[in-house]
Amino acid sequence: MKSTEVSSRLVAAMEDLDGFKDARDVARYVVAMFRDFVPGADALAVHVRIPGTHQFLCLGAMGFPQYPDTLLTTEDSAFGDLLGTRDVIQARNRCELVELVNMPDDGSESYKRHLHAHRLRADAAHRSLLIQPLTSKDAHVGCVWIESWTTSRPPTRSDLDHTALAARVAALAFRHCDHATVKSARGLMERRPFTDAEAAADDPAPSGSSVSAAPSSIVLSLREKQVLRLIASGLTNREIARDLRISENTVRTHRRSLMSKVEAHNSAELLTHARAARLLD
């Protein structure tokens, strides 16, 4: 991306993320944003540190095997050591990556899923890894895990500069969140508070904080459903217009219609209300 494109994308991100309170919505947006900045990425995962604890939640991912529940990783695990880094970690080739991710089996779910993903692409000729920490005002918020295996081109110096800027925007957005919507082992969407006093509990998804599952009486057109899902995926108006082959003005019209139907005043409320009404199920 050119410098002007990077600047425009970051400004759009700050505007789009303004008011987001659900860390899951922020994470899904961050996945889309980093996908733009590292075009060679085959897989992305956003791991967010829960305030007041020594745990990370994987709240957004692309290119990794899917599981019914949200992955929770403790800092004192082998995988948690990498997620807790405050320095950029880069493995530029297959050998460096294998050496970096060669972890002892601690019996954790994080290790099992990591090993499974690692084995799926073990035969890939080209592999690289970038772990970009998310920090804001000296607070470690989490990291973005970026893997490539279909290209021999590891992230360039320019890519690293762009991801560092994107990381600052992402970290600030996460610090303004007050909860995260997660999936329990039963596959239910539940709220995890992001306040220190409540987050100290070991259970990553308290059963008493489930999002309402009442059926929705809101009727959306097919196009509105498409636009809503792309908004939830973190795409900007321009990207949605490109994917659906419609104009940006048409996207804005659909966005305004959606906000009116769910009684939302901004993008954050739109996604929160839409999820509560089960419009994204």
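Summary table
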{"item": "Equivalent ellipsoid dimensions for segment 105-165 as semi-axes, Å, which come from the Cα gyration tensor, largest first", "result": "24, 20, 5"}
{"item": "Karplus (6.51, -1.76, 1.60) ³J(HN,Hα), θ = phi - 60°, over segment 64-75, in Hz, Gly and Pro reported as x", "result": "9, x, 8, 10, x, 10, 6, 6, 10, 10, 8, 5"}
{"item": "For segment 222-276, the spread of Cα positions along each principal axis, largest first, Å", "result": "28, 19, 18"}
{"item": "Translational diffusion of the chain, µm² s⁻¹ [Kirkwood Rh, Cα pairs; Stokes-Einstein; 25 °C; 0.890 mPa s]", "result": "126 µm²/s"}
{"item": "Descending semi-axes in whole angstrom, ellipsoid equivalent of segment 21-68, from the Cα gyration tensor", "result": "20, 13, 10"}
{"item": "FRET efficiency for S158 and D281, using Cβ-Cβ distance with R0 set to 41 Å, rounded to 0.05", "result": "0.55"}
{"item": "Length added when fully stretched, E5-R238, from 0.36 nm per residue minus Cα-Cα", "result": "82.6 nm"}
{"item": "Assigned charges on the beta-carbon of Lys, Arg, Asp, Glu; the chain dipole about Cα centre (debye)", "result": "1080 debye"}
{"item": "Two-site FRET efficiency, A125 against R86, from Cβ-Cβ distance with R₀ of 30 Å, rounded to 0.05", "result": "0.40"}
{"item": "Mean ellipticity per residue at 222 nm, deg cm²/dmol - from DSSP H runs of n ≥ 4 across the chain, formula -39500 (n - 2.57)", "result": "-13000 deg cm²/dmol"}
{"item": "FRET efficiency for N102 and E248, using Cβ-Cβ distance with R0 set to 51 Å, rounded to 0.05", "result": "0.65"}
{"item": "Which listed pairs, of K225/K261; K21/K261; K2/K137; K21/K137, have C-alpha distances above 22 Å, in listed order", "result": "K2/K137"}
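Any read-out appearing in this document is the output of simple, stated calculations on the displayed coordinates, not a laboratory observation. Just so we're clear, the structure is a prediction, and the values are computed from it rather than from any experiment. Because the Cβ atoms are built from the backbone with ideal geometry, glycine has one as well, and the counts that use them run over all protein chains shown.
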